[in-house]
Amino acid sequence: LVASMEEVEQTYIMIKPDGVQRGLVGEIISRFERKGFKLTGLKLFQCPKELAEEHYKDLKSKLFFPKLIDYITSGPVVCMAWEGIGVVASARKLIGATNPLNAEPGTIRGDLAVQTGRNVVHGSDSPDNGKREIGLWFEEGELCAWAAVREPWLI
Ligand code: RTP
């Protein structure tokens, strides 16, 4: 029943400024908690422009890049590190398609968003990017490797 360390992944999830402004923080966090993943890092944070640009550096050549940076730095975001078996792909499923109009009902974007440019949440797209992004957004001392005090129904 207990997962081996190789199966356990980390992902970086971020509630974007529209999610914070619209009061969706609790709703979004609770979806990951109820699924059974473990929260290992959490902070409200006003993102500097340089960090937003580094986070989205692969999109630098896109026409929407300046707008994306303005959006992400327009107000505080909620930075989170989540841990669990298959958490990277599973979190992307919980979040839903990038364009909220294509996101299935039941997903965060399917239930709570309309526009790609205001899609309320980010999730890492690979385990390597999960580690990279957690390293980018958190100082080491801000992360907690805690053990759940409960029977291992959920890991
Ligand atoms: P995310 O990184 O936020 O989880 O999103 P994603 O992988 O689903 O999508 P990606 O293509 O990496 O785009 C990153 C974010 O850029 C914004 N975007 N705007 N045409 C547009 O205006 C446009 N396209 C993308 C979205 O906020 C998207 O989540």
Footprinting proxy, Leu143, Leu112: sorted fewest to most Cβ within 10 Å, the residues are Leu143, Leu112
The relative contact order of the range 1-154, taking Cα pairs under 8 Å that sit 6 or more residues apart, comes to a percentage of 36 percent
A correct Stokes-Einstein calculation for the chain, using the alpha-carbon Kirkwood radius, 20 °C and 1.002 mPa s, returns a whole-number D in µm² s⁻¹ of 134 µm²/s
Taking a crude spin-label model, label points 7 Å out from Cα along the C-beta direction, the Val8 to Leu101 distance in nm is 4.3 nm
So the angle from the long Cα axis of helix 127-137 to the longest Cα principal axis of the chain, reported in degrees to the nearest 10, equals 70 degrees
Between the modelled labels at Leu44 and Ser74 (7 Å from Cα along Cα→Cβ) the distance in nm is 1.9 nm
Beyond 20 Å (Cα-Cα) in this structure, taken from Lys16/Lys57; Lys35/Lys57; Lys16/Lys67; Lys60/Lys93, we find Lys35/Lys57; Lys60/Lys93
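Bear in mind these aren't lab numbers, they're just calculated from the coordinates by the rules spelled out. Predicted model, so just to flag it, every value in this text is computed and none were measured. Here the Cβ is made from the backbone with ideal geometry for all residues, glycine too, and neighbour counts use every protein chain on show.
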